[in-house]
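Report on the following structure.
The values are calculated or read from the model by the stated rules, or taken from the named source; none is laboratory data. Because the structure is predicted, anything quoted here is derived from the model rather than measured. Here the Cβ positions follow ideal geometry from the backbone for every residue, glycine too, while neighbour counts run over all protein chains shown. The protein model used for the area step is the full one, side chains on, heavy atoms only, and it has no ligands, DNA or RNA in it. Shrake-Rupley method; radii C 1.70, N 1.55, O 1.52, S 1.80 Å.
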Amino acid sequence: MFVAGSFRYTGFFSIQVILNLLIDNAYLLIAAVGMTFVIVSGGIDLSVGSVIALTTMVSATLIQQYGWSPILVIPLVLLIGSTLGLLMGALIHYYKLQPFIVTLAGMFLARGLCYVIGTNTITIDHPLYVSIAQTKVYLPGGYFISISVIIAIVIVIAGIFIAHYTRLGRNIYAIGGSEQSALLMGLPVARTKVMTYALSGLCSSLAGVVFTFYMLSGYGSHGIGAELDTIAAVVIGGTLLTGGVGYIAGTFFGVMIQGVIQTIISFEGTLSSWWTKIVIGLLLFVFIILQRILGSQKKRQSGYSLLAKK
């Protein structure tokens, strides 16, 4: 897609365009890392966009209206997101509730709290936030990225490390493959599931902090549809919706694919921005069908191997 765009649009094929994809989608990349863990575990989290909005509203209200220091506000909003995720994870596991319903309730709760706090946009003019938003980190060749990109890259690296080099990551994959088997193996299923949703809540609130740097405002309608964008990025990146299979690196490319689609439509100039959603929807549909076909082939092959052994 990127190469095709470079043939059609002047200036499309450049390093800065790629870096701009990261700058514009840093918050989405952070949220998608948390969503990857949830989907790998066999669950889903629909509260992502609302937690992002709640983070922006709480941050803007405390900083602008009550004069709190960002040093206190940022840890507080991260704690709020983590706590909400932890509570949803506990409800899902201990009360045997469907993740879709619990996280949908979490979505309504967080979004409702946003409008209880305020219905208007709250602009943030704190020097620290403005400085972070305007700071450019220059790279060799005159190219630049934002501080938000550095945060997102650190989260991706940390996500890869947790997924593949820690006990928590291995437990998440085991639960996603078969929760019953994980129980029989003596794995801490309860603790792992609760931690997975807490991790997703932490990533969502951190995405909200980065989004606040990007927008320099708090608004109850921020992040609408972000949960669907993160799910699309995770699935396009190769993570199975049934759980047990997925890679953080794949999610990274899933987010970049969405960014390329947005950039192509922006360069085209004659297409509505809604075409981004249409193309992403089609891609998501194709990837889900491919996952289904590949899954069916694997089951068929395993069946043949069992018959051959007999």
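So residue 12 fits all but one of (1) open to solvent by less than 30 Å² (accessible area, probe 1.4 Å); (2) closer than 14 Å to residue 197 by Cβ; (3) outside any helix (DSSP H, G or I); what number is the exception?
Of (1) open to solvent by less than 30 Å² (accessible area, probe 1.4 Å); (2) closer than 14 Å to residue 197 by Cβ; (3) outside any helix (DSSP H, G or I), only one is false for residue 12: (2).
Looking only at region 38-58, how many residues end up being open to solvent by less than 10 Å² (accessible area, probe 1.4 Å), polar (S, T, N, Q) and not in a helix (DSSP H, G or I)?
Matching residues across region 38-58 total 1.
Which one of 45, 24 is closer than 30 Å to residue 279 by Cα, acidic (Asp, Glu) and touching a Pro at 6+ places or on another chain (Cβ under 9 Å)?
45
Condition (residue is under 14 Å from residue 227 (Cβ atoms), within 15 Å of the chain's Cα centre (by Cα) and surrounded by fewer than 24 Cβ atoms within 10 Å (Cβ to Cβ)) applied to region 29-37: is it met by at least one residue?
The answer is no, given that none of the residues of region 29-37 is under 14 Å from residue 227 (Cβ atoms), within 15 Å of the chain's Cα centre (by Cα) and surrounded by fewer than 24 Cβ atoms within 10 Å (Cβ to Cβ).
Can you name every residue in region 131-181 that is part of a helix (DSSP H, G or I), crowded, with 18+ Cβ neighbours inside 10 Å and among the hydroxyl-bearing types (Ser, Thr, Tyr)?
148, 173
Only one of 84, 109, 91 is touching a Leu at 6+ places or on another chain (Cβ under 7 Å), at pLDDT 95 or above and among the hydrophobic types (A, V, I, L, M, F, W, C); which?
Of the residues listed, the single one that is touching a Leu at 6+ places or on another chain (Cβ under 7 Å), at pLDDT 95 or above and among the hydrophobic types (A, V, I, L, M, F, W, C) is 91.
I'm trying to understand the selection: among the residues of region 59-115, which are open to solvent by less than 40 Å² (accessible area, probe 1.4 Å) and among the polar types (S, T, N, Q)?
Within region 59-115, 59, 61, 82, 103 meet the criteria.
Would you confirm whether any residue within region 108-130 is part of a helix (DSSP H, G or I), under 30 Å from residue 245 (Cα atoms) and aliphatic (A, V, I, L, M)?
Scanning region 108-130 turns up at least one residue that is part of a helix (DSSP H, G or I), under 30 Å from residue 245 (Cα atoms) and aliphatic (A, V, I, L, M).
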